[in-house]
Amino acid sequence: MGKYRPIIVTAECGTLTRAGKILGYTQPSLGYIITNLETELGVKIFHRDQRGVRLTEAGASIIDIMRQIEDMEDHLREVIHTSQESLLRVGIFPSVSAQWIPGIIAAFRESYPNTAIKLQHQSWYLDGELGVKEHTLECAFFTGKCPAGLESIPLHVDPYYLVVGEDCDLYDREEVSLYDVAGKYPFIPTNESFDSESAIWDVYQTFSQSNLVDFEPRENQTCIAMVESGLGVTILPGLSLYDLLPGRRVKAIPLKEDVTRTISLLCPPKEERSAVTSAFLQLVQRQVVAWEEEHREWGLEGTL
């Protein structure tokens, strides 16, 4: 409701009682609001008597200006709403980009052809949290704990694997324990290794003592190439490996320990989300379920 709407409605109704019913105020509350506005403007807007209220000469001279201000504010709110609905900003990270985003975008465009989507790559997991909190992102794919004041919608539980080259003596293992590997094989860092918000930060710290080289990769193709060359082993989540393993002489070995990350969509609370954002969240959930069903039968071994 605009600032001057109580005055406009009261002038049109002629009584505080009738105007209050339309506006949802009691008569005393509406009278209090009008008195405060008169004080703020420094002018008496209504004459009041037993028959109701009528505009003073000063009130009659400014009521049309108030209507124009209300119309402009209504238009402003409409433009803001339209701009919010026409652009959706989403935080993503590489494995999500490769596996899910193409299908999600294609499905979303069918229902919202006029809504542009801006995909923002996150260097660190904390980028998504900050983006949603600071309203530079409508939502973000995320793997950390849900921060206070935001909502996290779980999408997929993603297990980690030990990745070894074909010449490694672990290659024929069906599964392996982290404790059998840590400190015994050169470790090749991944793009998660230096992110303290990573789901397995503690595990990476254990392996970092045997790092082969000191570098901070922004992608994992180099890590896999080093593993393939027999320079060491690495640990990566399953979603990252679907596009990295095909054609490579490496193997992803399941871990005995239950080491996983939960990929979620981080977003504002429901009451603060736009309609198009809510629709996007629902669509993503459906798309991820479909992706899981498609990949359930063949798993990572199907990519080798």
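Taking the charge dipole of the chain about its Cα centre, with +1 at Lys and Arg Cβ atoms and -1 at Asp and Glu Cβ atoms, the residue from Gln120, Gly31, Ile188 reaching farthest to the positive side is Gly31. Between Asp202 and Asn114, the C-beta separation translates, for a Förster distance of 45 Å, into a calculated FRET efficiency of about 0.50.
For region 139-175, backbone nitrogen atoms closer than 19 Å to the point 7 Å from Val289 Cα along Cα-to-C-beta are found at 152-158. Among the trypsin sites (Lys or Arg not before Pro) in region 250-301, those placed in a DSSP loop whose Cβ has at most 15 other Cβ atoms within 10 Å are Lys256, Arg296.
The stretch between Lys21 and Ala182, if pulled fully straight at 0.36 nm per residue, gains 50.7 nm over its current Cα-Cα span.
Stick to Cα atoms and the Kirkwood definition of Rh, then tell me Rg/Rh for region 134-195. Mind dumping the intermediate values first?
Details: Rg = 17.4 Å, Rh = 15.6 Å.
Rg/Rh: 1.12.
Taking a span of 27 Å or more along the helix axis (Cα atoms) and a mean Kyte-Doolittle hydropathy of at least -0.5 as the rule, the DSSP H helices of the chain that qualify are 275-295. Here are some values of Kirkwood radius over Cα pairs in Å: [x] 19.4; [y] 20.4; [z] 23.7. Which one was computed from this structure? The value matching this structure is [z]. Of the trypsin sites (Lys or Arg not before Pro) found in region 123-201, the ones in coil according to DSSP and having at most 12 other Cβ atoms within 10 Å of their Cβ are Lys145, Lys184. Here the contact order of region 100-169, divided by its residue count and restricted to Cα pairs under 8 Å and six or more residues apart, works out to 16 percent. Loop-located trypsin sites (Lys or Arg not before Pro) in region 34-78 (DSSP state not H, G, I, E or B) with no more than 12 neighbouring Cβ atoms inside 10 Å: Arg51. Each 5 Å bin from 0 upward holds the following percent of the Cα-Cα pairs of region 1-157: 1, 8, 13, 13, 10, 7, 6, 7, 9, 9, 8, 5, 2, 1, 0.
Our summary gives region 5-84 a relative contact order of 27 percent, counting only alpha carbon pairs under 8 angstrom and 6 or more residues apart.
Add -39500 (n - 2.57) for each DSSP H run of 4 or more in the chain, then divide by its residues: what number comes out at 222 nm, to the nearest 500 deg cm²/dmol?
Counting only the DSSP helices, I get -13500 deg cm²/dmol.
Taking every alpha-carbon pair under 8 Å whose residues sit at least 6 apart, the chain reaches a relative contact order of 20 percent.
Along the chain, the longest continuous region that contains none of the GluC sites (Glu not before Pro) in a DSSP loop with at most 10 other C-beta atoms within 10 Å is 1-133. Taking Cβ separations below 4.7 Å as the criterion for a possible disulfide partner, the isolated cysteines in the chain are Cys13, Cys146, Cys168, Cys223.
Out of all DSSP beta bridges with both ends in the chain, state the antiparallel percent to the nearest 5. The answer is about 70 percent antiparallel.
Laboratory data are not the source of any read-out in this text; all were calculated from the coordinates shown. All values derive from a computational prediction rather than experimental measurement. Don't worry about glycine lacking a Cβ; one is built from the backbone with ideal geometry, like all the others, and counts go over all protein chains shown.
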